[in-house]
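First the structure, in the form of structure tokens, and then the observations on it.
The values are calculated or read from the model by the stated rules, or taken from the named source; none is laboratory data. Predicted model, so just to flag it, every value in this text is computed and none were measured. With ideal geometry, Cβ positions are generated from the backbone for all residues, glycine too; neighbour counts draw on all protein chains shown. Ligands, DNA and RNA are excluded from the accessible area calculation, which covers all protein heavy atoms including side chains. Shrake-Rupley method; radii C 1.70, N 1.55, O 1.52, S 1.80 Å.
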Amino acid sequence: MLKERVISGLIIALIGITAIFCGGFPLWGIVTVIVCICIFELFKAAGIQNSKITWIIYPAAVVWLLFCRKLIVPTMIISGLTIVFMSIYVFAYPNIKFSPVFLIPLSLFYIAVPASNIFLLRMENDGIYNTILYITGCFGTDIFAYFIGSKFGKHHPFPVLSPKKSVEGCIGGIVCATLIGCIVTLIMKRPVGRAALILVLISVFSEIGDLAASGIKRQFGIKDYGNLIPGHGGLLDRFDSSLFAGGIVLICTTLF
């Protein structure tokens with residue numbers, strides 16, 4: 001399982017890094033495909049993937065991604081509100097639950113709009129650096145939280161929502177991702193203080209994004225959103241935290 005997880009993770013990373021450096025249509029195309037598959041997996045989790053009304057969402061998501069460069073402010077506002085809403089969902093779980101019908105419009109705000117932040121981030125000034133910072137924060141947190149939590153995790157603050165997630169893993173993931181991001185920042189000769197603040201925020205909210213996705217899985221009684229990626233599950237299992245944190249990094253880089 002670990003070997004599969006590492007190999008598939010490296011393949012995804014290679015594809016993602018290539019698309020990011022290319023930018024433009026290759027990046028847009030990959031983000032669009034990921035969004036549509038993630039939306040399908042979300043609907044499948046709730047058992048509504050064959051409902052006719054859900055098919056409205058896919059073209060709506062594609063249209064949003066096509067015109068997101070003209071909708072930067074609305075994208076940041078919607079992303080910010082979604083982050084607040086899903087954070088409340090995490091800390092109030094299981095007192096808040098989503099009906100399958102509610103997931104239909106939520107899929108746009110929870111998946112499509114946050115994903116457009118990745119494309120917008122790459123297209124802005126210093127886009128490659130900011131995108132590298134984003135990837136380091138999201139995937140660095142996920143990787144180190146997993147290994148540190150597996151080795152040293154003793155305190156589990158979310159026993160119902162995510163029994164394996166530990167305080168030690170969360171803190172370790174945030175610290176390690178921030179340190180690596182700061183090293184990258186020094187190499188690329190950018191302000192370290194700004195980078196450290198953004199990295200911490202990315203790490204914290206990527207953890208919350210992972211918990212939000214876990215909450216939906218727990219509610220509908222599934223372990224993974226799919227089996228597309230060996231060792232990881234579905235695409236939404238792999239990109240849940242990074243989609244969620246996309247809004248944070250775009251807002252931070254715009255404000256700072």
> Given E207, E168, which one is farther than 24 Å from S107 by Cβ, of a type in the set (D, E) and in a helix (DSSP H, G or I)?
Replying inline: E168
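Yes/no per residue for (1) open to solvent by 10 Å² or more (accessible area, probe 1.4 Å); (2) over 20 Å from the mean Cα position of the chain (by Cα); (3) closer than 26 Å to I15 by Cβ:
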{"residue": "P105", "(1), (2), (3)": "yes, no, no"}
{"residue": "V113", "(1), (2), (3)": "no, no, yes"}
{"residue": "D142", "(1), (2), (3)": "yes, no, yes"}
{"residue": "F152", "(1), (2), (3)": "yes, yes, no"}
{"residue": "S162", "(1), (2), (3)": "yes, no, no"}
{"residue": "S166", "(1), (2), (3)": "no, no, no"}
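Quick check: anything in segment 39-56 at positive phi and over 19 Å from the mean Cα position of the chain (by Cα)?
yes
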> Counting only residues that are under 11 Å from the mean Cα position of the chain (by Cα) and not hydrophobic (A, V, I, L, M, F, W, C), how many does segment 194-233 have?
Replying inline: 5
>> I'd like the full set of residues that are within 26 Å of G47 (Cβ to Cβ), exposed (fewer than 13 other Cβ atoms within 10 Å of the Cβ) and free of Cβ contacts under 8 Å to residues at least 24 places away in the same chain, limited to segment 74-98.
In response: I88, A92, N95
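Report whether or not T185 is open to solvent by less than 10 Å² (accessible area, probe 1.4 Å) and either hydrophobic (A, V, I, L, M, F, W, C) or assigned to a helix (DSSP H, G or I) (or both). Break it down stepwise before answering.
On the way: open to solvent by less than 10 Å² (accessible area, probe 1.4 Å): yes; either hydrophobic (A, V, I, L, M, F, W, C) or assigned to a helix (DSSP H, G or I) (or both): yes.
In short, yes.
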> Mind checking which residues of segment 210-237 are in a helix (DSSP H, G or I) and at positive phi?
Replying inline: none
> When you scan segment 11-28, how many residues do you find that are over 17 Å from the mean Cα position of the chain (by Cα) and either at pLDDT 90 or above or open to solvent by 40 Å² or more (accessible area, probe 1.4 Å) (or both)?
Replying inline: 7
>> I'd like to check something: does segment 31-50 contain any residue that is surrounded by 18 or more Cβ atoms within 10 Å (Cβ to Cβ), under 23 Å from L121 (Cβ atoms) and of a type in the set (F, W, Y)?
In response: no
>> Looking at G137 and the list (1) outside any helix (DSSP H, G or I); (2) in contact (Cβ under 8 Å) with a residue 12 or more places away in the chain; (3) not aliphatic (A, V, I, L, M), which single condition is not satisfied?
In response: (1)
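Can you tell me which residues in segment 99-134 are of a type in the set (S, T, N, Q) and touching a residue at least 40 places away in the same chain (Cβ under 8 Å)?
Residues satisfying the conditions are S107, S116, N117, N130, T131.
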> So F144 fits all but one of (1) within 28 Å of V113 (Cα to Cα); (2) in a loop (DSSP other than H, G, I, E, B); (3) free of Cβ contacts under 8 Å to residues at least 40 places away in the same chain; (4) not polar (S, T, N, Q); what number is the exception?
Replying inline: (2)
>> Looking at I174 and the list (1) open to solvent by less than 10 Å² (accessible area, probe 1.4 Å); (2) within 24 Å of F85 (Cα to Cα), which single condition is not satisfied?
In response: (1)
